[in-house]
Amino acid sequence: MRIGVLSDIHSNVFALESVLEDLQHRDVDAIVDLGDIVYGPIAPRATCELLQEQSIKHVQGNQDRMLHEVKDPEIANNPTLQLMLDELSTDQLTWLKALPYDLYLEDDVYLCHGSPRSDTDYLLEDISGGTPRVKEDSAILKMLGNVTAPLILCGHTHVPRIVELSTGQIVVNAGSVGLPAYRDDLPEVYRMENFSHHANYSIVDKRSVGWCIEQIRVPYDFGRALEMVRSNQRENWVRLLEEGRA
(Lines give C-alpha, C1' and ligand atoms only; values in the text may rest on other atoms or scores of the structure.)
Protein backbone atom coordinates (compact mmCIF):
# COMPACT_ATOMS: atom_id res chain seq x y z
CA MET A 1 0.00 0.00 0.00
CA ARG A 2 1.52 3.29 -1.14
CA ILE A 3 -0.41 6.39 -0.09
CA GLY A 4 -0.05 10.06 -0.95
CA VAL A 5 -0.95 12.19 2.08
CA LEU A 6 -2.18 15.77 1.69
CA SER A 7 -3.30 18.20 4.39
CA ASP A 8 -4.06 21.86 5.03
CA ILE A 9 -4.53 23.06 1.46
CA HIS A 10 -6.16 26.31 2.65
CA SER A 11 -7.63 27.26 -0.73
CA ASN A 12 -4.20 27.29 -2.45
CA VAL A 13 -5.21 25.65 -5.70
CA PHE A 14 -1.87 26.54 -7.30
CA ALA A 15 0.09 24.54 -4.71
CA LEU A 16 -2.46 21.73 -4.96
CA GLU A 17 -2.05 21.53 -8.75
CA SER A 18 1.71 21.11 -8.39
CA VAL A 19 1.35 18.43 -5.71
CA LEU A 20 -1.15 16.44 -7.78
CA GLU A 21 1.14 16.72 -10.80
CA ASP A 22 4.06 15.46 -8.73
CA LEU A 23 1.96 12.55 -7.48
CA GLN A 24 1.37 11.42 -11.05
CA HIS A 25 5.03 10.38 -11.15
CA ARG A 26 5.04 8.64 -7.76
CA ASP A 27 3.00 5.50 -8.47
CA VAL A 28 0.69 5.75 -5.44
CA ASP A 29 -2.24 3.40 -4.82
CA ALA A 30 -4.36 6.00 -3.04
CA ILE A 31 -4.44 9.66 -2.03
CA VAL A 32 -5.85 10.95 1.24
CA ASP A 33 -6.50 14.48 2.47
CA LEU A 34 -6.52 15.41 6.15
CA GLY A 35 -8.63 18.55 6.06
CA ASP A 36 -8.60 22.35 6.22
CA ILE A 37 -9.32 22.42 2.53
CA VAL A 38 -10.65 25.87 1.68
CA TYR A 39 -9.99 28.33 4.49
CA GLY A 40 -7.93 31.09 2.88
CA PRO A 41 -8.14 34.11 0.57
CA ILE A 42 -6.80 32.40 -2.56
CA ALA A 43 -9.22 30.19 -4.52
CA PRO A 44 -11.77 28.30 -2.37
CA ARG A 45 -14.14 27.41 -5.21
CA ALA A 46 -11.39 26.26 -7.61
CA THR A 47 -9.77 24.20 -4.85
CA CYS A 48 -13.03 22.36 -4.16
CA GLU A 49 -13.65 21.82 -7.86
CA LEU A 50 -10.19 20.33 -8.42
CA LEU A 51 -10.45 18.01 -5.41
CA GLN A 52 -13.90 16.79 -6.38
CA GLU A 53 -12.50 15.70 -9.75
CA GLN A 54 -10.01 13.40 -8.00
CA SER A 55 -10.33 10.02 -6.37
CA ILE A 56 -9.30 11.17 -2.88
CA LYS A 57 -10.49 10.14 0.58
CA HIS A 58 -10.98 13.18 2.85
CA VAL A 59 -11.46 13.91 6.52
CA GLN A 60 -12.81 17.21 7.79
CA GLY A 61 -10.55 19.86 9.31
CA ASN A 62 -11.52 22.28 12.05
CA GLN A 63 -11.79 25.15 9.58
CA ASP A 64 -13.94 23.08 7.24
CA ARG A 65 -16.26 22.40 10.18
CA MET A 66 -16.28 26.09 11.07
CA LEU A 67 -17.96 26.94 7.76
CA HIS A 68 -21.24 25.36 8.82
CA GLU A 69 -21.05 26.35 12.50
CA VAL A 70 -20.02 29.99 12.23
CA LYS A 71 -22.40 32.74 13.41
CA ASP A 72 -23.08 36.08 11.74
CA PRO A 73 -21.00 38.22 14.17
CA GLU A 74 -17.95 36.03 13.48
CA ILE A 75 -18.44 36.38 9.73
CA ALA A 76 -18.67 40.15 10.00
CA ASN A 77 -15.29 40.28 11.76
CA ASN A 78 -13.52 37.83 9.44
CA PRO A 79 -13.09 38.94 5.79
CA THR A 80 -11.46 35.63 4.83
CA LEU A 81 -14.47 33.73 6.09
CA GLN A 82 -16.83 36.08 4.27
CA LEU A 83 -14.87 35.54 1.05
CA MET A 84 -15.23 31.77 1.31
CA LEU A 85 -18.94 31.86 2.04
CA ASP A 86 -19.47 34.22 -0.89
CA GLU A 87 -17.44 32.12 -3.31
CA LEU A 88 -18.37 28.54 -2.41
CA SER A 89 -21.51 27.03 -3.90
CA THR A 90 -24.24 25.44 -1.81
CA ASP A 91 -23.20 22.02 -3.13
CA GLN A 92 -19.58 22.62 -2.14
CA LEU A 93 -20.56 23.71 1.37
CA THR A 94 -22.73 20.59 1.66
CA TRP A 95 -19.82 18.42 0.50
CA LEU A 96 -17.48 19.94 3.09
CA LYS A 97 -20.07 19.50 5.85
CA ALA A 98 -20.49 15.81 5.01
CA LEU A 99 -16.79 14.93 5.29
CA PRO A 100 -16.07 12.46 8.13
CA TYR A 101 -14.27 13.46 11.31
CA ASP A 102 -11.81 10.57 11.00
CA LEU A 103 -11.28 7.49 8.88
CA TYR A 104 -9.54 4.11 8.81
CA LEU A 105 -7.87 2.66 5.73
CA GLU A 106 -8.39 -1.01 6.53
CA ASP A 107 -6.97 -1.61 10.04
CA ASP A 108 -3.47 -0.33 9.39
CA VAL A 109 -3.92 3.39 8.89
CA TYR A 110 -5.92 5.92 10.92
CA LEU A 111 -6.63 9.42 9.55
CA CYS A 112 -7.61 12.54 11.47
CA HIS A 113 -7.02 16.27 11.22
CA GLY A 114 -5.95 17.14 14.76
CA SER A 115 -6.29 14.16 17.10
CA PRO A 116 -8.83 11.38 17.72
CA ARG A 117 -10.50 13.51 20.37
CA SER A 118 -10.52 16.99 18.78
CA ASP A 119 -9.86 18.55 15.38
CA THR A 120 -8.21 21.51 17.14
CA ASP A 121 -5.69 19.42 19.11
CA TYR A 122 -2.04 19.34 18.22
CA LEU A 123 -1.34 15.63 18.50
CA LEU A 124 2.45 15.84 18.44
CA GLU A 125 3.39 19.39 19.39
CA ASP A 126 3.43 21.36 22.61
CA ILE A 127 3.19 25.05 21.64
CA SER A 128 3.72 26.53 25.11
CA GLY A 129 6.60 28.97 24.97
CA GLY A 130 5.82 30.05 21.42
CA THR A 131 7.86 27.44 19.57
CA PRO A 132 6.48 23.95 18.80
CA ARG A 133 8.30 21.04 20.39
CA VAL A 134 7.41 17.36 20.36
CA LYS A 135 5.42 16.13 23.35
CA GLU A 136 6.47 13.31 25.62
CA ASP A 137 5.56 9.83 24.42
CA SER A 138 3.04 9.35 27.23
CA ALA A 139 1.20 12.57 26.35
CA ILE A 140 0.83 11.56 22.70
CA LEU A 141 -0.41 8.09 23.66
CA LYS A 142 -2.95 9.59 26.05
CA MET A 143 -4.29 11.79 23.26
CA LEU A 144 -4.51 8.78 20.91
CA GLY A 145 -6.77 7.00 23.39
CA ASN A 146 -7.91 3.66 22.01
CA VAL A 147 -6.52 4.19 18.51
CA THR A 148 -4.15 1.28 17.98
CA ALA A 149 -3.51 1.48 14.24
CA PRO A 150 0.18 1.02 13.40
CA LEU A 151 0.20 4.22 11.34
CA ILE A 152 -1.55 7.46 12.30
CA LEU A 153 -1.78 10.30 9.78
CA CYS A 154 -2.59 13.80 11.02
CA GLY A 155 -2.30 17.44 9.98
CA HIS A 156 -3.34 20.76 11.54
CA THR A 157 0.12 22.04 12.59
CA HIS A 158 1.41 22.59 9.03
CA VAL A 159 4.80 21.23 10.16
CA PRO A 160 5.94 17.90 8.64
CA ARG A 161 6.83 15.47 11.40
CA ILE A 162 7.47 11.75 11.97
CA VAL A 163 7.31 10.36 15.51
CA GLU A 164 7.66 6.72 16.52
CA LEU A 165 5.98 5.83 19.81
CA SER A 166 6.89 3.31 22.49
CA THR A 167 4.03 1.12 21.24
CA GLY A 168 5.73 0.84 17.83
CA GLN A 169 3.05 3.07 16.28
CA ILE A 170 4.22 5.79 13.92
CA VAL A 171 2.56 9.20 13.68
CA VAL A 172 3.10 11.18 10.49
CA ASN A 173 2.15 14.81 10.07
CA ALA A 174 2.09 15.59 6.35
CA GLY A 175 2.65 19.34 6.75
CA SER A 176 0.69 21.78 4.60
CA VAL A 177 0.10 21.79 0.88
CA GLY A 178 -0.95 25.42 0.73
CA LEU A 179 0.14 27.46 3.77
CA PRO A 180 3.73 26.96 5.00
CA ALA A 181 3.45 29.27 8.01
CA TYR A 182 0.98 30.91 10.36
CA ARG A 183 0.84 32.73 13.67
CA ASP A 184 -1.81 32.38 16.39
CA ASP A 185 -2.31 33.99 19.77
CA LEU A 186 -4.45 31.39 21.52
CA PRO A 187 -3.85 30.02 24.08
CA GLU A 188 -0.68 32.13 23.77
CA VAL A 189 1.34 33.62 20.93
CA TYR A 190 3.10 30.99 18.83
CA ARG A 191 4.32 30.45 15.27
CA MET A 192 4.32 27.50 12.91
CA GLU A 193 6.95 27.98 10.18
CA ASN A 194 8.60 25.95 7.41
CA PHE A 195 10.92 28.71 6.10
CA SER A 196 10.23 28.25 2.39
CA HIS A 197 7.35 28.70 -0.03
CA HIS A 198 7.22 25.00 -0.99
CA ALA A 199 4.08 22.87 -0.87
CA ASN A 200 4.47 19.97 1.57
CA TYR A 201 3.00 16.49 1.39
CA SER A 202 3.96 12.93 2.32
CA ILE A 203 4.06 9.46 0.86
CA VAL A 204 3.80 6.42 3.12
CA ASP A 205 4.66 3.01 1.69
CA LYS A 206 3.97 -0.24 3.53
CA ARG A 207 6.85 -2.67 3.15
CA SER A 208 7.62 -6.06 4.68
CA VAL A 209 9.76 -4.54 7.46
CA GLY A 210 7.60 -1.51 8.16
CA TRP A 211 6.50 1.83 6.76
CA CYS A 212 8.75 3.83 4.45
CA ILE A 213 7.92 7.53 4.80
CA GLU A 214 8.83 10.36 2.44
CA GLN A 215 8.33 14.01 3.32
CA ILE A 216 8.24 15.91 0.02
CA ARG A 217 8.53 19.62 -0.77
CA VAL A 218 7.24 20.70 -4.16
CA PRO A 219 7.97 24.07 -5.80
CA TYR A 220 5.07 25.90 -7.42
CA ASP A 221 4.30 29.31 -8.91
CA PHE A 222 3.48 30.97 -5.59
CA GLY A 223 3.36 34.36 -7.34
CA ARG A 224 -0.10 33.42 -8.60
CA ALA A 225 -1.24 32.80 -5.02
CA LEU A 226 0.22 36.16 -3.97
CA GLU A 227 -1.75 37.88 -6.71
CA MET A 228 -4.96 36.40 -5.34
CA VAL A 229 -4.33 37.33 -1.69
CA ARG A 230 -3.45 40.88 -2.74
CA SER A 231 -6.52 41.06 -4.95
CA ASN A 232 -8.59 39.94 -1.97
CA GLN A 233 -6.90 42.54 0.26
CA ARG A 234 -5.27 40.02 2.59
CA GLU A 235 -1.71 41.35 2.65
CA ASN A 236 -1.06 39.56 5.95
CA TRP A 237 -0.87 36.30 3.97
CA VAL A 238 1.93 37.48 1.67
CA ARG A 239 4.93 36.71 3.88
CA LEU A 240 3.39 33.43 5.02
CA LEU A 241 3.21 32.20 1.43
CA GLU A 242 6.34 33.83 0.05
CA GLU A 243 8.80 33.04 2.84
CA GLY A 244 7.17 30.38 5.00
CA ARG A 245 7.69 32.68 7.97
CA ALA A 246 5.17 34.18 10.37
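Numerical summary
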item	result
Matching option when the condition is among the polar types (S, T, N, Q), more than 22 Å from Asn173 (Cα to Cα) and open to solvent by less than 30 Å² (accessible area, probe 1.4 Å), among Thr80, Thr90	Thr80
So Pro100, is it open to solvent by less than 10 Å² (accessible area, probe 1.4 Å) and either under 17 Å from the mean Cα position of the chain (by Cα) or at pLDDT below 95 (or both)	no
All positions within segment 130-159 that are over 13 Å from the mean Cα position of the chain (by Cα) and either part of a strand (DSSP E or B) or in contact (Cβ under 8 Å) with a residue 60 or more places away in the chain (or both)	Gly130, Thr131, Pro132, Arg133, Val134, Pro150, Leu151, Ile152
So Leu240, is it surrounded by 16 or more Cβ atoms within 10 Å (Cβ to Cβ), touching a residue at least 40 places away in the same chain (Cβ under 8 Å) and not in a strand (DSSP E or B)	yes
Residue among Asp126, Asp185 that alone is open to solvent by 30 Å² or more (accessible area, probe 1.4 Å), more than 17 Å from Tyr110 (Cα to Cα), touching a strand residue (DSSP E or B) at 6+ places or on another chain (Cβ under 8 Å) and free of Cβ contacts under 8 Å to residues at least 24 places away in the same chain	Asp126
Pick from segment 103-121, criterion part of a loop (DSSP other than H, G, I, E, B) and touching a Lys or Arg at 6+ places or on another chain (Cβ under 8 Å), ranking: surrounded by the most Cβ atoms within 10 Å (Cβ to Cβ)	Asp119
Residue that is nearest to the chain's Cα centre (by Cα) [pool: residues in segment 181-212 that are under 24 Å from Leu151 (Cα atoms) and not in a strand (DSSP E or B)]	Asn194
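The values are calculated or read from the model by the stated rules, or taken from the named source; none is laboratory data. On a predicted model such as this, the values are computed, not experimentally measured, just so you know. Note that each Cβ is placed from the backbone with ideal geometry, even for glycine, and that neighbours are counted across all protein chains shown. Keep in mind that these areas ignore ligands, DNA and RNA; they rest on the heavy atoms of the full protein, side chains included. Shrake-Rupley method; radii C 1.70, N 1.55, O 1.52, S 1.80 Å.
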